[in-house]
Amino acid sequence: MKFATKAIHAGQEPDPTTGAVMTPIYQTSTYWQRSPGEHKGFEYSRGTNPTRKALEACLAALENARYGLAFSSGMAATDAVMKLLRAGDEVITGNDLYGGSFRMFSKVFAHYGIKFHFIDLSKPENISQYINEKTRLIWIETPTNPTMQIVDIRGVAAIAKAKNILLTVDNTFASPYLQNPIDLGADIVMHSATKYLGGHSDVVMGALMLNDEELYKQLWFIYNACGATPGPMDSFLVLRGIKTLHLRMKAHCENGREIAAFLKAHPKVGKVYWPGFEDHPNYEIAKKQMRDFGGMISFTLKDADLRGTFELASRFNVFTLAESLGGVESLINHPVTMTHASIPKEAREAVGVVDNLLRLSVGVEDIEDLLADLSQALG
Ligand code: P1T
């Protein structure tokens, strides 16, 4: 099946008891057993729920994976992958990551004896010097949050495979519409489904998609044993959101392209970070591994300090100043004080996360209104 058809139908059949076309919200914590162990495949909703099961099949289909697992947040999905590791293991990851991922790695799992290397992943060969016999996992984001670095998934996967190291790709910024890391050699794809998959800023959820059965069993064990699984209402909302993923992503990309060009030409704007620019350091890789360039754009303001940046960020009428991304509505975010506040100043400034950096999640409103709003705010 092609992407749009999978987005609308994968994992979903008319409800067997009523014929309902939309998968019902099975709002139940538990299921009847005729005698102990004799049931219809569902025992207790922490482990299995029919609404969530339909969603997980759909999520797997979107990433061309055999298995999908839904979690109660993107961080819960990340947490489950980290729980595959043991004290003494080492992880190689990027130097530009969502602030919450950095916080979990450095302030939670580092205390359990796991060592993290936060490195420049713009060239896959940079990884080799950090690999040793303890390296168990490579964790990449591409495009990265918030500076839109592009990591060559195929290149990193080749190195990981040769050394028998697991590769997880956080595909939140691209969404499965723009990029499918498993097809490029990744073992696990992670999503904050809160973002493009949900698409309407009304639900927090995470997801893992993968092919290997043994790995799936290990992750399912963690999912059920630790219990960070989403409820049926949230599962329904994401299942519903996904039905328009392809339509929304097209509009995000179209609006993103126009806004990136507008910002690049604006006299008050300094750097603009967007992978669709031909002078982006990894443009050729972005073009190869992504189908389009998305609606996430970051930019710096010329001649603005923290106060000036705050003032500008508060001046928007259509863009909403808020954390998160990937919804139909346009958002503006100040990474240093919002999404990336937990990253030490030196580490974030080294990759360009500076006081006058702003990040846009370009929504699907009319482009003329978005450009007019940016114009009036920039002055
Ligand atoms: O918020 P949650 O669903 O738990 O997902 C965490 C997460 C993981 N990975 C990436 C790349 C992310 O961007 C996020 C969440 N990010 C934001 C809330 C944000 O505004 O950047």
Exercise for the section: Arrange the residues D15, D366 by how much accessible surface each exposes, largest first, with a 1.4 angstrom probe. Expected result: D366, D15
Completion exercise
Applied in sequence order to the stretch 362-377, the curve 6.51 cos²θ - 1.76 cosθ + 1.60 (Karplus, θ = phi - 60°) yields integer Hz couplings, x standing for Gly and Pro, of 6, x, 10, 5, 5, 4, 5, 5, 5, 5, 5, 5, 4, 4, 5, 6
Completion exercise
Among K163/K217; K264/K345; K115/K287; K53/K195; K268/K345, the pairs whose Cα-Cα distance exceeds 30 Å are K115/K287
Handout entry: For q = 0.12, 0.17 Å⁻¹, Debye-computed log10 I/I(0) when each Cα of the stretch 1-124 counts as one equal scatterer
Key = -0.68, -1.00
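Considering only DSSP beta bridges whose two residues both sit in the stretch 3-242, what percent are antiparallel, to the nearest 5? Can you show the working numbers first?
On the way: 12 of 29 bridges.
In the stretch 3-242, DSSP labels about 40 percent of beta bridges as antiparallel.
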Problem - Rounded to whole Hz, the Karplus (6.51, -1.76, 1.60) HN-Hα couplings of the stretch 97-109, x for glycine and proline - result: 9, 3, x, x, 5, 4, 4, 4, 5, 7, 10, 10, 6
Problem - Cα centroid separation - the stretch 95-110 against the stretch 184-237, whole Å - result: 19 Å
Completion exercise
Averaged per residue, the 1.4 Å probe accessible area of the chain, protein heavy atoms only, in Å², is roughly 43 Å²
Practice task
Give me the distance between the Cα centres of the stretch 252-299 and the stretch 1-68, rounded to whole Å.
Solution key: 38 Å
Problem - Sequence-separation-based contact order of the chain, relative, with Cα cut under 8 Å and 6+ spacing, percent - result: 18 percent
Exercise for the section: Report, to the nearest 10°, how far helix 213-226 tilts away from the longest principal axis of the Cα atoms in the chain, using its own Cα long axis and a range of 0 to 90°. Expected result: 90 degrees
Problem - With Cα atoms, 0 to 90° folded angle of helix 245-265 axis to the chain main axis - result: 10 degrees
Handout entry: Most to least packed among 164-177, 209-222, 319-332 [average Cβ atoms within 10 Å]
Key = 164-177, 319-332, 209-222
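Using Cα pairs closer than 8 Å and at least 6 residues apart in sequence, work out the relative contact order for the stretch 134-207, in percent. Walk me through the numbers before you get to the answer.
Working: 115 pairs, mean separation 20.4, N = 74.
With pairs under 8 Å counted, the relative contact order is 28 percent.
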Practice task
Please determine, in degrees from 0 to 90 and to the nearest 10, the orientation of helix 232-242 with respect to the longest principal axis defined by the Cα atoms of the chain, where the helix direction is its Cα long axis.
Solution key: 50 degrees
Fill in the blank from the handout: The correct pair for the chain, radius of gyration to one decimal and Dmax as a whole number, both in Å and from Cα atoms, is 20.8, 73
Completion exercise
re the stretch 245-378: pairs of Cα atoms spaced beyond 24 Å account for a percent value of 26 percent
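At 1.4 Å probe size, with the rest of the protein present, what percent of the exposed accessible area of the stretch 245-378 is carbon and sulfur atoms? Kindly include the intermediate steps, with their values, before the conclusion.
Values: 3070 of 5930 Å².
Roughly 52 percent of what the probe reaches on the stretch 245-378 is carbon or sulfur.
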Handout entry: Per-peptide average of other Cβ atoms within 10 Å, ordering 110-120, 188-198 highest first
Key = 188-198, 110-120
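The values are calculated or read from the model by the stated rules, or taken from the named source; none is laboratory data. Model, not experiment: these values are computed from the prediction. When we count neighbours, we look across all protein chains shown, and the Cβ atoms used for this are built from the backbone with ideal geometry, even at glycine. For accessibility, only protein heavy atoms count, side chains too; no ligands or nucleic acids. Shrake-Rupley method; radii C 1.70, N 1.55, O 1.52, S 1.80 Å.
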